[in-house]
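See below for the structure under consideration.
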Amino acid sequence: MKKIVLTSPIFILVVLIVLFTITFSRQSEHNVETGNVIFIHPDGTGLANWNALRVLYYGPDGETNWDRLSHIGLYQGHTRTTLTSSSEAGATTHAYGVKVELLSYGMDGDKPLTSRSGSNLSIMIEAKSRGINIV
């Protein structure tokens, strides 16, 4: 039996997905419970890697334990202008929650970024400004 390397991009992607999707539990419109998030940027990893792992270890119709999680979210890793991404564009997309041009770093091409919330701050800096500890 083959071993899965725990530092592989697929493992890192799964950790990110699991922790992102189980962080917030809404009780009511005015009472929101929050949890913790561990943000890991899985450079170069996408759905193709996930599917390759599944086929390699469990067959085309098999499931990994990660597939059986009650809360899971996968994202499309392309940029706003290309079907693939670069390290800097991928990290910027993760940080701000919006697609950017290829090779963008902290901006969208040469334009300042506005996050999905309408702020010009990254998701983590927004969290920090709302009193959530970040490390």
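For this structure, a couple of remarks:
- In Hz, Karplus ³J(HN,Hα) per residue of segment 119-124 (6.51, -1.76, 1.60; θ = phi - 60°; x = Gly, Pro): 8, 9, 9, 5, 4, 5
- Working from label points 7 Å from Cα in the Cα-to-Cβ sense, the Glu126 to Leu69 distance is 2.1 nm.
- A 1.4 Å probe run over segment 63-124, with the rest of the protein chains in place, finds 63 Å² accessible per residue.
- Built amide H within the under 5 Å cut-off of Asp108, gap 5+: Leu113
The values are calculated or read from the model by the stated rules, or taken from the named source; none is laboratory data. Because the structure is predicted, anything quoted here is derived from the model rather than measured. Virtual Cβ from ideal backbone geometry, glycine too; neighbours counted across all protein chains shown. When the accessible area is computed, the model is the full protein with side chains, heavy atoms only, and any ligands, DNA or RNA have been set aside. Shrake-Rupley method; radii C 1.70, N 1.55, O 1.52, S 1.80 Å.
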